[in-house]
Amino acid sequence: TTFLVSKVETGEVVYATDASRQRFGDIKSTLSFFLDPQHRKSYLDALLPTGELNDYPVRFRRSDGSIMDGLTSARVIEYQGEQMIVSSTRDITDFLAMQRELETQRRHALQNEKLSALGELLAGVAHELSNPLSVVVGYAMMLRDEISDKPFVEKVDRIALAADRCVRIVKLFLALARERPRHRRPIHDGAPVRL
């Protein structure tokens, strides 16, 4: 926690603790660590009407140039005929970084839950489709053996190809649902890839 006494009118620092100097350097004015003069004006606009602030969010520039997120509590007092601001600021930069990390992890966990649910859905759909597809493939093979008329053979072959394609899609669903490791294999260049 930094502790400062500064003049309301000019921002001149009248008193600063060692912790304040370590964080902000040898500060002569509060204007040196507000990121923008407008930020100090907004701070004063919030402070002056009541003469007090509690946990007002601020962003300050440290002496090393890094940005500090903080919560400032301040009181306006009269000292030697001038209005002074007595303020203390807690550095919450690490706390906010931890909150952001927790939010990122929460989003990842939620995404993992969605993927798990999708995997279960894919497995269920794949199992439901397997039995009817087996019937279609089986009947297509039986029909192919029983007919010799060329137009009908071509139609049965198209049914068999379509059913075979669906079987490959179902196998892909099951592989995704089971999270099998991927296997790479060469494919023939120029040939269409079918699932």
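The values are calculated or read from the model by the stated rules, or taken from the named source; none is laboratory data. These numbers come from a predicted model, not from an experiment. With ideal geometry, Cβ positions are generated from the backbone for all residues, glycine too; neighbour counts draw on all protein chains shown. Areas reflect the complete protein model, heavy atoms only, side chains present, ligands, DNA and RNA absent. Shrake-Rupley method; radii C 1.70, N 1.55, O 1.52, S 1.80 Å.
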*With labels modelled as points extended 7 Å from the Cα through the Cβ direction, what inter-label distance (nm, one decimal) is found for Glu78 paired with Glu9?*
1.5
*In degrees, nearest ten, helix 37-47 long axis to first principal axis of the chain (Cα)*: 70
*What is the calculated FRET efficiency for Thr17 to Glu103, with r their C-beta to C-beta distance and R₀ = 41 Å, to the nearest 0.05?*
0.80
*Measure nothing fancy, just the Cα-based angle from helix 93-146's long axis to the longest principal axis of the chain, in degrees from 0 to 90, nearest 10.*
10
*List the aspartates and glutamates whose Cα lies under 18 Å from the Cα of Lys155, skipping any in the same chain that are fewer than 8 positions away.*
Asp145, Glu146, Asp164
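So which GluC sites (Glu not before Pro) in the range 1-69 are both in a DSSP loop and have at most 13 other Cβ atoms within 10 Å of their Cβ? Intermediate results must be reported in sequence, preceding the final value.
Details: sites: Glu9, Glu12, Glu52; in loops: Glu9.
Those that pass, being in a loop and sparsely packed, are Glu9.
Strictly greater than 20 Å: what percent of every Cα pair in the range 102-175 meets that? Walk me through the intermediate numbers first.
On the way: 1350 of 2701 pairs.
For the range 102-175, the fraction of Cα-Cα distances above 20 Å is 50 percent.
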*Give the shape of the chain as rounded, prolate or oblate, defined through the alpha-carbon gyration tensor: a ≥ b ≥ c are the square roots of its eigenvalues, a/c under 1.5 means rounded, and otherwise the shape is prolate if a/b is larger than b/c and oblate if not.*
prolate
*What order do Tyr15, Tyr43 take when sorted by accessible area (1.4 Å probe), most exposed first?*
Tyr15, Tyr43
*asked:* Rounded to the nearest 10 Å², what accessible area does Leu31 have for a 1.4 Å probe in the complete protein model?
replied: 90
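Taking only C-alpha pairs under 8 Å that are 6+ residues apart, what is the relative contact order of the chain in percent?
Values: 222 pairs, mean separation 29.4, N = 195.
Contact order relative to length: 15 percent.
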*Which value in nm describes the separation of the simple spin-label points at Leu115 and Leu176, placed 7 Å from the Cα toward the beta carbon?*
1.3
_Quick check of the Kirkwood formula: for the range 33-149, what is the inverse mean of 1/r over all pairs of different Cα atoms, in Å?_
20.6
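Give the accessible surface of the chain per residue, rounded to a whole number of Å², with probe radius 1.4 Å and ligands, DNA and RNA excluded.
On the way: 14120 Å² over 195 residues.
On a per-residue basis, 72 Å².
Count charges around Phe33 for me, please; just the other residues with Cβ under 9 Å from its Cβ, Lys/Arg as +1, Asp/Glu as -1.
In short, +3.
Which percent of the accessible heavy-atom area of the chain goes to carbon and sulfur, probe 1.4 angstrom? Mind showing how you got there, number by number?
Values: 7810 of 14120 Å².
Percent of accessible area from carbon and sulfur atoms in the chain: 55.
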*Among the lysines, which have Cα under 19 Å from the Cα of Lys28 when same-chain residues fewer than 8 positions away are ignored?*
Lys7, Lys41
*Can you give the accessible area of His127, probe radius 1.4 Å, in Å² rounded to 10?*
100
*How far is helix 150-178 tilted off the main Cα axis of the chain, in degrees rounded to 10, range 0 to 90?*
30
